[in-house]
């Protein structure tokens, strides 16, 4: 089977005709992914199940022959199943927690209610994020956070699936399964460990919990190569969780699939262009020597290359349902805008090619938090000036690119009033209303964005190599407007 997701999606055994590829369709339900995985296990002989148990569940002592019973959405109150689980040694009861990320949200220790570990992590959090907090106040905050976490309880435990492994008639292993599309819920995991697997001691909980990514599962199944394992891999490819083999074919897949398939190639594409630019390592918040890679996934549809230019900090490659585009945000902070506008040549912005998709993006940003205020934007829909006029305006008004002070964000409205008097905008009611009662100061950010775009049909026709050349050509042109260097 060609495990690509390029053929008619409905030919896959796990997808029915009620599906049309929208994100809210049943095929994306976590329970359906768990069902597909259990169906795949159920189709395999003991030899293959044994291989998977070693790779996914850390189980290495299964006999040559055994049997498996499978359950979906089973309740911890089911007395028959509960009796079976209680007959299995505690060390052989496991919770298989799997998702795209292979981890839970929240503080480490929450998934097993390891309160010592939780306290340690909460303390570390406040030391890093609020270093000036007095020790007494930090202690109170840690105590409060810990008490709030201890209040979290669930009623019944209903794991997504259960696999009971039997040697003849004796149950020897119980593997409960919990699946989430993103990060797993730590409190739900602990609830399953306690109420479904009947494990309460902290040391036992640690050994019971196994985290895996979707990628770990599909990589393990690739080596088996049966109709059902191939079907599961194809299913996960269709859902966007597996990387296809061919970029061009991904661009020519069904309309509802293309962005899910091509996003997997975003990192490779940025890796191939990075040496042409002054890229940098993305520092982490932790006070250590470690850094994030210069290419990272910013969101579900965006890959980012961090760069080290005076007015540009990142090159984003975005995969949307209808198009792919590069996003270059120049002067995305007040500090870089104050440096940029005095030195750039506004004359260069008179004849920018339409396909470069230059956009005005004036807005306010909160001081300290760095969060853009959505109500503050004055973009192309409101501001009808040309890019040249926009650049010229801010060159002449660099003194207005600043932060408010004295906890008076409403002072920024004077700039909006000025722009209204000069006929640049019609009104500013949204931001005026929003700032009522606000006290956090704000930064003025006259950002300039370039977002050249391509359809999937265009990319599929030109091929990956030519697409990369097109990307570099657009980036290089934009950089040249600001006199920023390109390495090659």
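The values are calculated or read from the model by the stated rules, or taken from the named source; none is laboratory data. Nothing here was measured: the structure is a model prediction, and the numbers come from that model. Here Cβ is always computed from backbone atoms with ideal geometry, including for glycine, and neighbour counts include all displayed protein chains.
For (1) surrounded by 19 or more Cβ atoms within 10 Å (Cβ to Cβ); (2) more than 25 Å from residue 345 (Cβ to Cβ); (3) within 35 Å of the chain's Cα centre (by Cα), each residue gets a yes or a no:
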site	(1), (2), (3)
400	no, no, no
409	yes, yes, yes
414	no, yes, no
426	no, yes, no
460	yes, yes, yes
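Out of the stretch 179-194, which residues are within 16 Å of residue 76 (Cβ to Cβ) and crowded, with 21+ Cβ neighbours inside 10 Å?
Correct list: 189, 190, 191, 192, 193.
Can you tell which of 171, 176 is within 28 Å of the chain's Cα centre (by Cα), in the same structural domain as residue 80 (by TED's automatic domain parsing), surrounded by 14 or more Cβ atoms within 10 Å (Cβ to Cβ) and under 24 Å from residue 67 (Cα atoms)?
One residue alone meets the criteria, 176.
Within the stretch 370-402, which residues are under 16 Å from residue 431 (Cα atoms) and assigned to a helix (DSSP H, G or I)?
Those that are under 16 Å from residue 431 (Cα atoms) and assigned to a helix (DSSP H, G or I): 374, 375, 376.
Looking only at residues that are in a loop (DSSP other than H, G, I, E, B) and within 24 Å of residue 203 (Cβ to Cβ) in the stretch 63-95, which one is nearest to the chain's Cα centre (by Cα)?
The residue in question is 76.
When you go through 158, 149 one by one, which is the residue that is in the same structural domain as residue 89 (by TED's automatic domain parsing), touching a helix residue (DSSP H, G or I) at 6+ places or on another chain (Cβ under 9 Å), part of a loop (DSSP other than H, G, I, E, B) and touching a residue at least 40 places away in the same chain (Cβ under 8 Å)?
Only one candidate passes the filter, namely 158.
Mind checking which strands (runs of 3 or more DSSP E) fall wholly inside the stretch 296-338 and carry at least 2 residues that are without any contact (Cβ under 8 Å) to a residue 40 or more places away in the chain and in contact with a helix residue (DSSP H, G or I) (Cβ under 8 Å, 6 or more places away or on another chain)?
302-306
Got at least one residue in the stretch 116-136 being touching a strand residue (DSSP E or B) at 6+ places or on another chain (Cβ under 8 Å) and either surrounded by fewer than 19 Cβ atoms within 10 Å (Cβ to Cβ) or in a strand (DSSP E or B) (or both)? So that I can check it myself, show each step before the final result.
Let us first name the residues in the stretch 116-136 that are touching a strand residue (DSSP E or B) at 6+ places or on another chain (Cβ under 8 Å), namely none.
Among the residues of the stretch 116-136, not one is touching a strand residue (DSSP E or B) at 6+ places or on another chain (Cβ under 8 Å) and either surrounded by fewer than 19 Cβ atoms within 10 Å (Cβ to Cβ) or in a strand (DSSP E or B) (or both), which makes the answer no.
Please count how many residues of the stretch 195-246 are part of a helix (DSSP H, G or I), more than 28 Å from the chain's Cα centre (by Cα) and without any contact (Cβ under 8 Å) to a residue 60 or more places away in the chain.
1
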